[in-house]
Amino acid sequence: MVNSYAPENLSEALRLLQAGKVTPYAGGTDIMVHPRAAASYLFLRQLPELGQISATEQFYVIGSTVTYQDLLTQTKVDLPDVLLQACRKVAAPPIRNLGTLGGNICNASPAGDTLPVLYALDASVRLARFEPASVNVKDTDGSISYRLLPLRQFIQGVRRTCRQPDELLTEILIPKVRYTLTEYEKIAARKAQAISKVSFCGAAAAEAGQLTRLALAFGSVGVTVVRDSQIETAILNGDYDIAAAVKAYDQLLRPITDQRSTAGYRRTVCLNLVRNFLTAVLAQTRSGAQVTDQ
Ligand SMILES: Cc1cc2nc3c(=O)[nH]c(=O)nc-3n(C[C@H](O)[C@H](O)[C@H](O)COP(=O)(O)OP(=O)(O)OC[C@H]3O[C@@H](n4cnc5c(N)ncnc54)[C@H](O)[C@@H]3O)c2cc1C
């Protein structure tokens, strides 16, 4: 038998989660791929606390149950264009209407389309749990505690996160940074309704002809999204030219052969993507152009 719970607010949801074996259910587009005959689902989409999109001075703040379609159609917050590029490439409209950003993160598939973007933009996730009254960190009801951690720390492996069974992902925080060039690429068998063979996000900022910030993230070529701060720093410092950077990624990446692609194809595509992105970034930096993507 399948049981389902539809709490009215976050506090009630967290109590239910702490009380028993219930599975958080946002859009259900990953969960329902492998439905279980006996399950208890905790529906999240009706919770007002998890469905907001806002911005502070420092961050874009996206509620975990915000769908791809919500992100693509809202007009309140000027979200990073590169995130919207990734959302447009998820599946097809029916899945984009149901699937959520929080679900993509908690599912922790290395092929999740938004993950390379969120890694490149240094996103963090906020988790909430119900606390007994004696604990000091509380919301106004005195019953919810939160922790904030970088996404790259939250995701630990294929479908593995450090979310505790009594925690819900409530929000995704993306630092507001002015990038001069951003790019998202998804390579798959078709343009729509296909899981990536390789995905890539590059984000760079330049000031007065100097590269000041660089993030390069690769999806579907490791157990989690691959990002390497040492290589990025070497490029930023001018220690690596494009050829040296490509060589460094060639040594770093360990793609596998599976039903979607071969290791060799994935490697070649990744190296082409990074070469092309760095070529564009360095050309733009030298020309002093200020193309703002965010
Ligand atoms: C036909 C099809 C095509 C697809 N194509 C793509 C694609 O192109 N690109 C892509 O990236 N993905 C794709 N997916 C996968 C899926 O749609 C996405 O990963 C989506 O973002 C999942 O969101 P959801 O809300 O449906 O998650 P759910 O299925 O509701 O949940 C996924 C997991 O996260 C947990 N969870 C969800 N929300 C929370 C929360 N707030 N707190 C704690 N745990 C939570 C659930 O318990 C579950 O373990 C596809 C799926 C299908 C069925």
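The values are calculated or read from the model by the stated rules, or taken from the named source; none is laboratory data. Just so you know, these numbers come straight off a predicted model, no measurement behind them. Please note: Cβ atoms are built from the backbone with ideal geometry, for glycine as well, and neighbour counts cover all protein chains shown. Surface accessibility is based on the protein's heavy atoms, side chains included, excluding ligands, DNA and RNA. Shrake-Rupley method; radii C 1.70, N 1.55, O 1.52, S 1.80 Å.
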Which value in deg cm²/dmol, rounded to the nearest 500, describes the helix-derived mean residue ellipticity at 222 nm for the chain, given -39,500 (n - 2.57) per DSSP H run of n ≥ 4 and division by the residue count?
-9000 deg cm²/dmol
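Of 76/247; 21/186; 21/76; 176/197; 21/197; 21/191, which pairs sit farther than 32 Å apart, going by alpha carbon to alpha carbon? Show your work: numbers first, answer last.
On the way: 76/247 42 Å; 21/186 36 Å; 21/76 37 Å; 176/197 29 Å; 21/197 34 Å; 21/191 38 Å.
Violating the 32 Å limit, Cα to Cα: 76/247; 21/186; 21/76; 21/197; 21/191.
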Carbon and sulfur atoms account, in whole percent of the 1.4 Å probe accessible area of the chain, for 51
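Give me the compactness ratio for segment 50-145, meaning the Cα radius of gyration over 2.2 N^0.38 Å.
Numbers: Rg = 15.0 Å, N = 96, 2.2 N^0.38 = 12.5 Å.
For segment 50-145, the normalised Cα radius of gyration is 1.20.
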Between residue 242 and residue 18, take the C-beta separation as r, use R0 = 41 Å, and let me know the FRET efficiency to the nearest 0.05.
0.20
Inter-label distance for residue 73 and residue 88, nm, one decimal - labels placed 7 Å from Cα along Cα-to-Cβ:
1.7
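Order these peptides, 166-175, 110-119, by their mean beta-carbon neighbour count within 10 angstrom, highest first.
On the way: 166-175: 21.6, 110-119: 25.6.
Top to bottom by mean Cβ count within 10 Å: 110-119, 166-175.
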On a 0 to 90 degree scale, rounded to 10, what angle separates helix 242-252 from the longest Cα axis of the chain?
40
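Skip the ligands, DNA and RNA, and give the accessible area per residue of the chain with a 1.4 Å probe, whole Å².
48
Relative to the present Cα-Cα distance, how much length would full extension add between residue 256 and residue 213 at 0.36 nm per residue of separation? Don't skip to the answer; put the middle values down first.
Values: separation 43, 0.36 × 43 = 15.48 nm, distance 2.98 nm.
Gain on stretching residue 256 to residue 213: 12.5 nm.
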Listed peptides 201-208, 218-225 by packing density, highest first (mean Cβ within 10 Å):
218-225, 201-208
Rg to Rh ratio, segment 181-287, alpha-carbon atoms and Kirkwood radius?
0.99
What are the aspartates and glutamates whose alpha-carbon lies under 20 Å from the alpha-carbon of residue 89, with same-chain residues fewer than 8 places away excluded?
30, 70, 78, 81, 113, 183, 185, 293
Please determine, in degrees from 0 to 90 and to the nearest 10, the orientation of helix 263-287 with respect to the longest principal axis defined by the Cα atoms of the chain, where the helix direction is its Cα long axis.
70
Segment 1-94 shape via C-alpha gyration tensor axes, a/c threshold 1.5:
oblate
